[in-house]
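The values are calculated or read from the model by the stated rules, or taken from the named source; none is laboratory data. The structure displayed is predicted, hence computed values, not measured ones. Virtual Cβ from ideal backbone geometry, glycine too; neighbours counted across all protein chains shown. SASA here: full protein model, heavy atoms, side chains in, ligands and nucleic acids out. Shrake-Rupley method; radii C 1.70, N 1.55, O 1.52, S 1.80 Å.
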Amino acid sequence: MDPRRRPRHCAGDAAEEPADPRPLLRAEQPGHRRHRRHREGVLHLLVLHRFPVPPGNQHVTLNFRGINYSAEMYLNGHKEVLPKGMFRRHTIDITDILHPDGNNLLAVLVHPPDHPGRIPPQGGQGGDHEIGKDVATQYVEGWDWMCPIRDRNTGIWDEVSISITGPVNITDPHLVSTFHDDFKRSYLHCTLQLENKSSWVADCTLKIQVSTELEGNIFLVEHLQSYAITIPPDSDLEYTIPPLFFYKPNLWWPNGMGKQSLYNVEISVDVKGFGESDSWSHHFGFRKIESTIDHSTGGRIFKVNGEPIFIRGGNWILSDGLLRLTKKRYMTDIKFHADMNFNMLRCWGGGLAERPDFYHFCDVYGLMVWQEFWITGDVDGRGIPVSNPNGPLDHDLFLLCARDTVKLLRNHASLALWVGGNEQVPPVDINKALKNDLKLHPMFVSNQASNSQEKHLSEESVDPSKYLDGTRVYVQGSMWDGFANGKGDFTDGPYEIQYPENFFKNSFYKYGFNPEVGSVGIPVAATIRATMPPEGWSIPIFKKRIDGYIEEVPNPIWDYHKFIPYSKPGKVHDQIELYGHPKDLDDFCEKAQLVNYVQYRALLEGWTSFMWTKFTGVLIWKTQNPWTGLRGQFYDHLQDQTAGFYGCRCAAEPIHVQLNLASYFIEVVNTTADELTDVAVEISVWDLDGGSPYYKVTEKIVVPPKKVKQIIEMKYPKMKDAKPVYFLLLKLFRLSDKGILSRNFYWLHLPGKDYKLLEDYQQKSIPLQVYSEISVSGSRHKLKMTVENKSKNSVTKSIHPVSTIDLVGDVSGSHNIGKEATQEGNESGSLWRKIRSGLSIARSNDNSRTLEVNGTDSGVAFFLHFSVHASGSATTKEKYNDTRILPVHYSDNYFSLTPGEKTAIDISFEAPPGSSPRVVLRGWNHHLHHAVVI
């Protein structure tokens, strides 16, 4: 589906087909599925081609990984009941039902949840809360960030697969790694279930192979073992493989702490007289996650491989509210979070037990995951009307789904902890059962926790892979035991616009780990136009109150899409008005991006300023929207990033230089395990006339590991001739080679002032040079765009007048193509147009071009940002054609360059077939819309 199309509900759309050699039946495959509304639910009709009755001793199973909520399956007239529960797997042996000629008809009648509920006129969190009586997602009745889903997502919502095995099959292997001697020695443990479906004794050979990728497609096999097993007829056998020894294995680390090393574990079973009967494989990471409560801060601490990790992450709702889940979208979503330098995602309890593809990409990109079960305070104990405090009606069903979910996800390195529910604990009996089921094996009880937790010597000898999990902590609720105030009181939040300096104040948040703190998130104007009719293109009315505060009154369409204002009357003055009254949608959204960047950078920098002294972590509410919402997001539902995305990316660097907006001291953050030595900070202030009235380089400094060090006060605002609006550039660099470790650019105003002077700054004409290198391989495009501010540099003593922001990715490809840069618009081929715009193009070599933008002014090229487009028509009042190509990965965006600076930005994307991509550069004071045509 084109991501720019407005979402349209199609119940039962399943996840994208995974890479698996076994034949799969996917609900969305063309020609294989029809579904229609039925008065009792949704009827799926599927044709199974080329599935004749298998030869002797082979078995065919039909697997449903997710059905909402219950169903009857009809295959060639045979009926099978698929019982209730959204988060349980169904496996049916269909060997004796298949037709010999290979033509089979499958019909699945899916029934909705038993308690779909109704939406009160006033809306509310989880509607009338009836959905909480079932074991299903609760957001479908609507929330303050989401409209209701009318059919409650009734249908087949995850993959449907067909498996062909021999007489013995493998079920739910459990992989666990244990460590000794400071992680020098490690053992891989595995317990699995073997089922013999035959009526005779099966003499089997179980094989396990563990390999790791060295480079390219070269793999090193570290273990290849086999074991003889005998399985009685028509029986199940639990088998534990003897532990496999590894010396100094490559460890899996969270994002920002090291590599995400993964081993490929392959298990197969051969049956005497038959051959290979079944096989299973999984990517596995050697790592140890510990979690305890820090006595000094009261916050929960996570340690990975013995190293404490300062948590900076976000709350994940789900990829798509209509459950159109695909591997491709999951990969983009998770990479976006890694690009923001996040290290944790919290899967909120009103959403999903996320799918294995989600966890796979969290493994690949280093995002630790906090996974909640399906309990929320709003639906399970409070609200208007007061909801059912005893959770779902069927507690046994809840536990069955929970245990099946644990088995589905437990082998992923990224999974960090289980949590009973959001802002609520499960009912007493469920909570007690989960605590028992998910108790830690003694080898995973941390030293701190072991003092209060009895160890049973008999359990220490039990192989840890025999536990349901046993390797991760279970916490009963999102505000208990080291989160918020730890007692379940409502001490998360707030969820609204703030003054940026407030995040740095000791009084802003009292507790050690905030699981939810949120703010604004309006997308770019192109997204508003692409997802709403013209009636929704009007900006809010700025209504001035008698107390001087401005109330933003949105149009009804924005109100429906849950717009959150950029002002909080009585608490926070309007942050968009600081830049001048917005004239239209483009002006409003551009100023909103300035606020987004400042707001979220300040949030993370403020929390990081108190790293380990007051805080152990923070999770932003929320990182994305499962629909076209207008709040709390770093990229919109079409997957275009807001400027807040890059504010977070800057603030969450593992090594970072920042300005404390409350004290105006410059700080250096070192979240790594290594001491930072032989470094210094360059401080330069730039005014709106292009001058640099303040410049300083510090002496050599040393920053211990996992510390924040206060360096020097930034005294410019106290100077007699300080300008009311100014730019501040901070660079942390190595003295040995002048290499930049961190770069941070601020726009600031003096106390009591605003940013309205930046309105006139839009008219500046700054000379730029844009150099492009382009690589194309099939539909995949990679570009390196180097932008240089050619203004005269007035800081003659700069230690590093030309800085390069760290690059991400590889710009190599199968072939290079150099295309001419043009002026975007109808006159793109006109020489006269280029002359008028001050544009000149020079050939650098056969594979690249240099674009020169002439300008008469000297100063900062402010808030530049790239976008990628296909050919298309311009905006009209009646119709809008969204030309953006999405998603696009940028190594940085929404950046500014002081005179003499240049930066290289890596851009990668997949172009639609037949498109002619162009990369467009725009900015606060760069309106020529120059494009590089590929």
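The table below lists the values:
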read-out	value
Scan of region 904-925 for residues that are closer than 13 Å to His781 by Cβ and assigned to a strand (DSSP E or B), ordered by number	Asp906, Ile907, Ser908, Phe909, Glu910, Arg918, Val919
Number of positions in region 478-498 that are without any contact (Cβ under 8 Å) to a residue 60 or more places away in the chain and open to solvent by less than 30 Å² (accessible area, probe 1.4 Å)	3
Some residue of region 429-452 being among the charged types (D, E, K, R), out of contact with any Pro (no Cβ under 9 Å at 6 or more places or on another chain) and at pLDDT below 95	no
Matching residues in region 553-584 - criterion: being open to solvent by less than 10 Å² (accessible area, probe 1.4 Å) and among the aliphatic types (A, V, I, L, M)	Val572, Ile576
Subset of region 221-263 [within 23 Å of Phe179 (Cβ to Cβ), open to solvent by 80 Å² or more (accessible area, probe 1.4 Å) and free of Cβ contacts under 8 Å to residues at least 60 places away in the same chain]	Leu224, Lys259
Residues being at pLDDT 95 or above, more than 24 Å from the chain's Cα centre (by Cα), in a loop (DSSP other than H, G, I, E, B) and of a type outside the set (S, T, N, Q) - total across region 490-505	2
Count of region 716-748 residues which are assigned to a strand (DSSP E or B), of a type outside the set (A, V, I, L, M, F, W, C) and without any contact (Cβ under 8 Å) to a residue 60 or more places away in the chain	2
Filtered residues of region 657-673 (kept if open to solvent by less than 40 Å² (accessible area, probe 1.4 Å) and over 15 Å from Ile311 (Cα atoms))	Val657, Gln658, Leu659, Asn660, Leu661, Ile666, Glu667, Val668
Test: residue in region 275-285 that is in contact (Cβ under 8 Å) with a residue 60 or more places away in the chain, of a type outside the set (S, T, N, Q) and under 22 Å from Leu440 (Cα atoms)	yes
Pairs, first closer than 28 Å to Tyr247 by Cβ and small (Gly, Ala, Ser) in region 162-184, second in a strand (DSSP E or B) and open to solvent by less than 40 Å² (accessible area, probe 1.4 Å), C-beta under 6 Å, six or more apart	Ser177/Ser186; Ser177/Leu188; Ser177/Phe286
Number of positions in region 881-911 that are free of Cβ contacts under 8 Å to residues at least 60 places away in the same chain and open to solvent by 10 Å² or more (accessible area, probe 1.4 Å)	2
Selection within region 112-164 - over 25 Å from the mean Cα position of the chain (by Cα) and among the basic types (Lys, Arg)	Arg118, Lys133, Arg150
Filter result for Asp158 (in contact (Cβ under 8 Å) with a residue 24 or more places away in the chain and either closer than 30 Å to Lys197 by Cα or surrounded by fewer than 21 Cβ atoms within 10 Å (Cβ to Cβ) (or both))	yes
Residue check, Asn343 within 30 Å of Asn217 (Cα to Cα), surrounded by 20 or more Cβ atoms within 10 Å (Cβ to Cβ) and either among the basic types (Lys, Arg) or in contact with a Lys or Arg (Cβ under 9 Å, 6 or more places away or on another chain) (or both)	yes
Matching option when the condition is outside any helix (DSSP H, G or I) and more than 19 Å from Asp636 (Cβ to Cβ), among Thr613, Thr608	Thr613
Residues of region 84-94 satisfying the condition of being of a type outside the set (A, V, I, L, M, F, W, C) and either free of Cβ contacts under 8 Å to residues at least 24 places away in the same chain or buried (at least 16 other Cβ atoms within 10 Å of the Cβ) (or both)	Lys84, Gly85, Arg88, Arg89, His90
Counted residues, region 176-218 - those being within 27 Å of Ile94 (Cα to Cα), of a type in the set (Gly, Ala, Ser) and open to solvent by less than 30 Å² (accessible area, probe 1.4 Å)	2
Residue list for region 364-381, filter: under 22 Å from the mean Cα position of the chain (by Cα) and either in a strand (DSSP E or B) or surrounded by fewer than 23 Cβ atoms within 10 Å (Cβ to Cβ) (or both)	Val364, Tyr365, Met368, Val369, Trp370, Gln371, Glu372, Thr376
Checklist (1) out of contact with any Phe, Trp or Tyr (no Cβ under 7 Å at 6 or more places or on another chain); (2) open to solvent by 20 Å² or more (accessible area, probe 1.4 Å); (3) modelled with pLDDT of 95 or more applied to Asp333, failing item	(2)
Conditions (1) open to solvent by less than 10 Å² (accessible area, probe 1.4 Å); (2) modelled with pLDDT under 95; (3) among the charged types (D, E, K, R); number of the one not met by Asp320	(2)
Hits in region 100-119 (condition: open to solvent by 20 Å² or more (accessible area, probe 1.4 Å) and within 26 Å of Pro427 (Cα to Cα))	Pro112, Asp114, His115, Pro116, Gly117, Arg118, Ile119
Hits in region 674-708 (condition: open to solvent by less than 30 Å² (accessible area, probe 1.4 Å), among the charged types (D, E, K, R) and closer than 16 Å to Lys738 by Cβ)	Glu682
Answer from Ser296, Ser279 - the residue that is within 30 Å of Gly166 (Cβ to Cβ) and open to solvent by 30 Å² or more (accessible area, probe 1.4 Å)	Ser279
Residues satisfying the stated conditions in region 264-276, i.e. open to solvent by less than 40 Å² (accessible area, probe 1.4 Å), over 30 Å from the mean Cα position of the chain (by Cα) and either over 21 Å from Gln58 (Cα atoms) or among the small types (Gly, Ala, Ser) (or both)	Ser268, Gly275
All positions within region 125-150 that are among the small types (Gly, Ala, Ser), more than 17 Å from Trp627 (Cα to Cα) and either surrounded by fewer than 24 Cβ atoms within 10 Å (Cβ to Cβ) or at pLDDT below 95 (or both)	Gly127
Test set (1) within 17 Å of Trp612 (Cα to Cα); (2) at pLDDT 95 or above; (3) out of contact with any strand residue (DSSP E or B) (no Cβ under 9 Å at 6 or more places or on another chain) - Gly306 fails condition number	(3)
Test: residue in region 196-211 that is in a loop (DSSP other than H, G, I, E, B) and touching a Leu at 6+ places or on another chain (Cβ under 7 Å)	no
